[in-house]
Structures are given as C-alpha cells and as structure tokens.
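Participant: Sharing a structure here in structure tokens format.
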Amino acid sequence: MIQIKNLNKTFNNKNGVVDAVKNVNIDIKDGEIYGIIGYSGAGKSTLIRLLNLLEKPDSGYISINGQVIYDSEGKTLKGRELNNARKGIGMIFQSFNLLDRSTVFDNIAYPLKYTGKSKEEISNRVKELLELIGLEDKINFYPSQLSGGQKQRVAIARALASNPKVLLSDEATSALDPDATESILSLLKELNEKLGITIVIITHEMSVIKQICDRVSVMEDGEVVEEGDVYEIFANPQKPITKKFINSASPVGKLEQLLKENAISSDSGKLVKLTFGKDAVGDAIISEISRKFGVNLNIVLANVDNLREGTLGSMVAIVSGDDNKVKETLDFLANSNVRVEVIK
Amino acid sequence: MEWIKSIAPNLAAYFKNFVESIEQTYQMLFWSGIISFVIGLFFGVILIVTKKDGIKPNAVIFHILDKIVSFFRAIPFLILLIFLIPLTRSIVGTAIGVKGAILPLVFGCVPFFTRQVQAALSRVDPGKIEAAKSMGSGTIGIIFRVYLHEAVPDLIRVTVITAISLIGLTTMAGAVGAGGLGAFAINFGQGLNHTDIIYVCVALLLIVVLLLQGIGDALAKNTTNKSLIRKKHK
C-alpha cells in the first residue's frame with residue numbers, strides 16, 4: 001500500500017545540516033493502522049509530510065496505492081498530477097486547520113467543490129460524512145463554535161470527502177483533552193474497520209499506538225530504530241527509547257521512579273518484572289506458584305493492556321522465601337509463557 | 001443657507017467652490033482608490049505567493065517587485081508628485097486637475113496598500129495553506145479559497161487604513177494644482193485668511209474619516225470567524 005524506500009531529507013539551519021529523515025524504509029499494508037512514534041525533533045512529522053510531498057525528499061522512493069509519488073531515480077509527481085494524487089491521500093493535523101470563515105458544511109465541501117460535482121451531489125456527500133462523524137446538527141456552525149474534538153471530527157470528514165485510500169494523521173490528538181482523544185481514536189478505528197482505509201499515525205504518545213495501531217515504527221534522530229507488531233514491541237521491546245515509550249504508557253513504568261525514591265524495598269526477596277503474553281493473561285498463575293513452591297509474592301505494580309492483537313499483562317512483584325524455591329519459581333514462570341526480568 | 005452664513009460667513013460666500021472642491025476630492029479618492037485597490041491587492045498576492053516559502057516561490061519576481069515597492073514607499077508624496085509630472089503628462093496628457101492627480105495618487109497609494117495586503121495575507125495560518133495543499137488545491141485555488149477568503153477581515157481593516165491615508169494624499173495633490181478640499185482650504189482658507197473655511201474643511205474630513213473607520217470596523221467584526229452572508233443548509 002505505502003512503500004517507503006531509503007528515504008532521506010535534510011534541512012539546513014543556522015547550526016548546519018540536520019538529517020530530519022535518514023534512510024527510512026517502511027512498508028505499510030493495505031487497511032492497516034500504522035503508528036510512527038518519536039520525541040519532538042525525531043523527524044516523524046517531516047516523514048509524514050514527505051509522503052504527500054508537502055516537503056520534498058532529497059532522495060529515496062515513495063509509492064502509495066501502486067502510484068509512484070516520488071522516485072529520486074525516476075519520475076516524481078508534479079503540478080496537476082500531484083494535486084490529483086493528493087486527493088487520494090487525506091491528512092489531518094494537530095491544529096485542525098479548518099477555514100475559520102467557513103461553516104462546517106463548507107469546510108467539508110472544500111475538496112468537493114470545483115471538481116465538476118453538482119450542488120446536490122456535494123450536499124449529499126457532506127451529509128453522509130456528517131453522519132459518519134456524528135455532527136449532523138452542527139452543519140451550519142463555524143469552527144469557533146466547536147470544541148477541539150468536534151473540530152478534529154470535521155477535519156476528518158473533510159479529509160475523507162474525496163474518498164481517499166490513505167489517511168495521514170499528524171499528531172491529530174495531541175491538542176485534545178483525554179476524552180476527546182479517546183473519541184477521536186475510536187472514530188479512526190471505526191473508519192478503518194468500516195471503510196478499510198489505511199491510516200498512518202504520527203504521535204509522541206505510546207497510549208495512542210497502544211489503543212489503535214497494528215504496527216509501529218520508533219523514530220530517533222531521523223532514523224527508524226525499531227519496527228514491528230505493536231503487540232511484539234510491547235511484549236518485548238529492544239531499544240532503550242522503545243522501553244522508555246512503553247513505560248510512559250503503563251503504570252508499571254513508574255517502577256524506576258519508585259526505586260529512585262526508595263519507595264520499594266526488595267530486601268526480603270527478589271524484585272522481578274513479569275510480562276504475561278496473550279496466552280498467559282487468563283491463567284491463575286500467581287496463586288498457582290505460591291501454592292506449588294511455598295513462596296510469597298508481594299505485588300508492587302500491575303497492569304493489563306488491551307492491544308489490537310490481544311491482551312498483555314505486566315507486573316512488578318517481590319518474590320520472597322527460600323532461595324532455591326525462589327529460583328524454581330522463576331524458572332517455572334519462564335517456562336509458562338511469562339517473560340521474567342530480575343531487577344534486584 | 002442662513003445658518004451657514006451665521007456660523008461660517010466666508011464659507012457661505014464661496015459655497016460653490018466648496019461644493020466643487022468636495023466633488024474633486026471625491027473623484028480623486030474614488031478613481032485612485034479603486035485602481036490602487038486592484039493593483040495593490042494583486043501585488044500583495046504576488047509577493048505572498050512568490051516569497052521564499054510561499055506556494056509558488058520565485059525569487060526573481062519577488063525581489064524585483066519588493067524593491068519597486070520599497071523604492072516608491074521611500075519617496076515622500078510631495079516629491080513623488082513632482083517627480084512623476086513628465087510621466088503623468090505623457091500618459092494622461094495633463095499634470096494638473098483631478099485627471100493629472102490620479103496617476104501620482106495611485107503611485108503613492110499602491111506601495112502602501114501592497115505592504116498592507118502582504119501583512120494581512122501573511123497572518124493567514126500556514127497550517128490552513130498546508131491543509132489546502134494536502135487536499136489537492138493548486139496555486140489559484142489556495143489564493144482565492146484560502147488566502148483571500150480567510151484574510152477578509154484583515155483586508156477590510158487595511159483597506160480602511162489605506163483609504164484614510166489616501167484622503168491625506170489627495171489634499172497634498174490639491175496643494176500642487178489638483179483642486180479638491182486641500183486646495184480649497186489653502187487658497188480660500190489660508191490664502192484669504194478665512195479661518196472658518198479651514199475649520200469646516202477639518203470638520204468635514206473628520207466626519208468622513210470617522211465614518212469610514214466605523215463602517216470598516218463593523219464589517220471587519222462581522223466577517224471575523226464567519227462569512228458576512230450566511231447560507232443555511234438543511
């Protein structure tokens with residue numbers, strides 16, 4: 001669906017040349033919700049702008065839905081061709097970017113006007129979209145009369161007006177409160193399921209990735225440092241930055257801070273972090289081991305995440321008791337689909 | 001007529017000239033205003049579109065136009081009037097009267113208005129431009145459907161500012177032979193030492209400026225975050 005090969009983009013600024021996007025390769029499948037996460041300055045916003053050529057790449061290859069958008073060794077879209085291709089790629093933004101002097105109707109109708117469609121066709125399509133986003137009663141409102149979440153809904157409807165196959169979302173929930181974020185994310189998920197639209201999401205919040213993405217790329221200094229299924233990444237993160245992002249989205253991530261503040265003492269036993277995969281979450285494994293090995297488990301932190309692919313549990317606990325029994329316990333856990341990390 | 005005689009006897013004596021001068025000022029204002037509006041808007045748009053990170057960057061066009069605008073902005077109007085006399089003569093046929101004043105007025109007004117339009121358009125959120133691009137809008141589409149559309153309240157404000165400064169310019173043109181209220185105030189008020197004529201001219205100009213400002217402010221307010229005429233969809 002979306003192929004990105006060896007994509008590069010540099011910017012010149014006062015301090016010299018900055019590699020905003022460095023040798024990025026990503027393959028996004030049809031109908032997938034793909035996340036790209038990174039801190040600000042990681043190059044993720046530049047990357048998404050390269051996809052519809054709002055920024056021009058330095059070198060590499062981009063194709064979307066079988067159409068070559070950019071190829072440094074071949075043909076690159078320009079002028080009218082580019083404008084037509086952009087109609088097949090919707091985009092939503094952090095700051096909504098609606099026209100303040102146009103009503104909700106006219107904002108959504110923007111991409112439909114001057115395309116040879118009749119007034120009636122446009123009106124029907126806009127109403128269809130309003131129904132999809134659940135704002136039929138706001139048809140004659142101006143953006144200044146809407147809440148942030150409603151504005152983003154209108155922006156989504158506008159982006160979908162010309163039936164794009166791809167929706168690019170650039171930090172679309174970053175300016176919203178938690179409730180509005182939640183509702184926008186579920187709307188995106190619903191659109192993905194209903195319309196089969198491929199969605200690319202740029203964010204700095206792991207909770208966004210966790211809630212709706214199938215796969216994710218982690219970006220740092222312009223490069224993709226880790227990529228994979230969201231479930232796999234959460235269950236088994238490799239790079240420090242990925243771990244940091246995951247910790248930021250889970251109560252279990254508080255562990256480091258608690259340890260720093262000496263709020264947990266593991267003098268009585270071993271402090272361990274257990275990660276339960278989707279095959280282990282449902283089992284009564286904790287009571288089983290305390291019965292079987294006669295050890296005590298003191299649960300410090302615990303969390304269950306419902307990812308798209310399944311549930312993922314994590315727990316920080318202090319296992320205390322006879323040294324040999326503790327060792328046996330940990331071996332047993334490791335053999336029953338639980339990832340064990342001894343912290344202290 | 002009687003009450004005019006009682007409060008401004010000299011004005012009453014020259015009332016015909018007064019009315020004539022109002023008409024001249026009005027004509028200068030109207031014609032140079034319309035021409036300047038069209039040209040200034042066009043130049044302002046060109047500057048915004050062709051600037052370095054504009055929607056159609058073109059360094060050559062931008063820099064040439066930018067320098068021309070700066071050049072004419074730098075010349076005081078009175079000097080510009082004299083400087084342009086040969087050009088005015090060759091184009092209009094005369095350098096005096098209302099006809100001769102319009103060309104220099106346009107030269108004096110356009111650079112000012114161009115800068116004002118440029119400033120108004122550059123206040124349009126670049127995010128809106130980016131969104132329009134992402135929806136496949138071309139250069140013309142973005143100019144009319146985003147820049148000019150979203151900047152309407154600001155454009156109204158700068159038009160009023162420019163119109164008011166243009167009134168000032170017309171009186172200066174009057175001083176060098178274009179007629180109008182400026183010439184009337186100088187020739188009959190100052191020249192014949194009739195202070196009542198000067199007072200009336202000041203009062204009249206004050207009313208016109210306040211009126212313009214009032215209408216402009218109301219229009220700008222009614223076009224901020226909404227369109228002036230609201231179409232309802234069922």
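Participant: If you take every DSSP beta bridge whose two residues both sit in the protein assembly as shown, what share of them, in percent to the nearest 5, is antiparallel?
Facilitator: Given both bridge residues lie in the protein assembly as shown, the antiparallel proportion sits at roughly 70 percent.
Participant: Can I ask one more? Ranked from highest to lowest mean number of other Cβ atoms within 10 Å per residue, what is the order of the peptides B:201-208, B:179-186, A:223-230?
Facilitator: B:179-186, A:223-230, B:201-208
Participant: Report the full-extension gain for the segment A:Glu190 to A:Ser290: residue separation times 0.36 nm, less the Cα-Cα distance, to one decimal in nm. List each step's numbers first, then the result.
Facilitator: Values: separation 100, 0.36 × 100 = 36.00 nm, distance 4.27 nm.
Result for the pair: 31.7 nm of gain on full extension.
Participant: Moving on to the next point. Please give the helix A:178-195 orientation as an angle from the longest Cα principal axis of chain A, in degrees from 0 to 90, rounded to the nearest 10.
Facilitator: Once rounded, one gets 70 degrees.
Participant: Among A:65-73, A:150-158, what's the highest-first ranking by average C-beta atoms within 10 angstrom per residue?
Facilitator: Put in order of decreasing packing, that is A:150-158, A:65-73.
Participant: Can you give the Kirkwood hydrodynamic radius for segment A:197-239, in Å, rounded to one decimal and based on Cα pairs?
Facilitator: Value: 10.9 Å, from the Cα pair sum.
Participant: Okay, moving on. Loop only by DSSP, 13 or fewer other Cβ within 10 Å of the Cβ. Give me the trypsin sites (Lys or Arg not before Pro) in segment B:1-93 that pass, ordered by residue number.
Facilitator: Working: sites: B:Lys5, B:Lys16, B:Lys51, B:Lys52, B:Lys67, B:Arg73, B:Arg89; in loops: B:Lys51, B:Lys52.
Listed in order of number, the matching sites are B:Lys52.
Participant: Say each of B:Ile22 and A:Thr311 gets a label point 7 Å from the Cα, pointing the same way as Cα to Cβ; how far apart are those two points in nm?
Facilitator: Using points 7 Å along Cα→Cβ, the separation is 8.6 nm.
Participant: I need to check one value: relative contact order of chain A, counting alpha carbon pairs closer than 8 Å and at least 6 residues apart, in percent.
Facilitator: 17 percent
Participant: How many times 2.2 N^0.38 Å is the alpha carbon radius of gyration of the protein assembly as shown?
Facilitator: 1.39
Participant: A further question on this structure: For segment A:255-342, what is one quarter of the convex hull surface built on the Cα atoms, given in nm²?
Facilitator: In nm², the orientation-averaged hull projection of segment A:255-342 is 5.7.
Participant: From the gyration tensor of the Cα coordinates in segment B:114-224, what semi-axes in whole Å does the equivalent ellipsoid have, largest first, with each one equal to sqrt(5λ)?
Facilitator: After diagonalising the Cα gyration tensor, the semi-axes are 42, 14, 8 Å.
Participant: Per-residue mean of other chain beta-carbon atoms within 10 angstrom of the beta-carbon, peptide B:122-132?
Facilitator: Working: counts 0, 0, 2, 5, 2, 6, 7, 2, 8, 14, 5.
The shielding value for this peptide is 5.
Participant: Over 25 Å between Cα atoms, which of B:Lys128/B:Lys231; A:Lys29/A:Lys113; A:Lys254/A:Lys278; A:Lys239/A:Lys260; A:Lys14/A:Lys56 qualify?
Facilitator: Among B:Lys128/B:Lys231; A:Lys29/A:Lys113; A:Lys254/A:Lys278; A:Lys239/A:Lys260; A:Lys14/A:Lys56, the Cα-Cα distance tops 25 Å for A:Lys29/A:Lys113.
Participant: FRET efficiency for A:Asn324 and A:Asn262, Cβ-Cβ distance as r, R0 = 41 Å, nearest 0.05? Intermediate values should be presented prior to the final figure.
Facilitator: Numbers: r = 29 Å, r/R0 = 0.70.
That pair, A:Asn324 with A:Asn262, gives E of 0.90.
Participant: From Cα coordinates alone, what are the radius of gyration and Dmax values for segment A:2-248 in angstrom?
Facilitator: Cα-based Rg and Dmax for segment A:2-248 come out at 18.2, 55 Å.
Participant: Right, something else. Considering the dipole of segment B:2-223 built from charges on the beta carbon (Lys and Arg +1, Asp and Glu -1) around the Cα centre, which of B:His63, B:Leu80, B:Val124 is farthest to its positive end?
Facilitator: It is B:His63, whose Cα lies furthest towards the positive end.
Participant: Net charge near A:Lys29, counting Lys/Arg +1 and Asp/Glu -1 over other residues with Cβ under 9 Å of its Cβ?
Facilitator: Neighbourhood net charge equals -3.
Participant: Return the average number of partner chain Cβ atoms within 10 angstrom of each residue Cβ along peptide A:152-162. Spell out each step's value before the answer.
Facilitator: Working: counts 0, 0, 0, 1, 0, 0, 2, 3, 0, 1, 2.
Per residue, the number of nearby Cβ atoms from other chains is 1 on average.
Participant: Say each of B:Ser165 and A:Lys278 gets a label point 7 Å from the Cα, pointing the same way as Cα to Cβ; how far apart are those two points in nm?
Facilitator: Placing both labels 7 Å along Cα→Cβ, they lie 6.7 nm apart.
Participant: By count of other Cβ within 10 Å, fewest leading, how are A:Glu261, A:Glu81 ordered?
Facilitator: A:Glu261, A:Glu81
Participant: Dividing the alpha-carbon Rg of segment B:2-223 by 2.2 N^0.38 Å yields what?
Facilitator: 1.20
Participant: Report the net charge of residues surrounding A:Val316, where surrounding means a beta-carbon distance below 12 angstrom and charges are Lys +1, Arg +1, Asp -1, Glu -1.
Facilitator: +2
Participant: Provide, in order from the shortest bin, the percent of all Cα-Cα pairs of segment B:93-165 in each 10 Å bin, continuing until the bin that contains the maximum pair distance.
Facilitator: Percent of pairs per bin, in order: 19, 35, 25, 15, 6, 1.
Participant: Same structure again: To make sure I understand, if each residue's beta carbon is the centre and we count other beta carbons within 10 Å, what order do A:Ser174, A:Ser287 fall in, fewest to most?
Facilitator: Exposure proxy ranking, most exposed first: A:Ser287, A:Ser174.
Participant: Put a dot 7 Å past each Cα toward the Cβ at B:Ile35 and A:Ala302; how far apart are the dots in nm?
Facilitator: The modelled label-to-label distance comes out at 8.5 nm.
Participant: For B:225-233, what's the mean count of beta carbons from other chains sitting within 10 Å of each residue's beta carbon?
Facilitator: Values: counts 7, 9, 6, 1, 0, 3, 4, 4, 11.
Average neighbour count from other chains, rounded to a whole number: 5.
Here, each number is a calculation from the coordinates, and none is a lab measurement. Values in this document were obtained by computation on a predicted structure and should not be read as measured data. We place every Cβ from the backbone using ideal geometry, glycine too, and count neighbours over all the protein chains shown.
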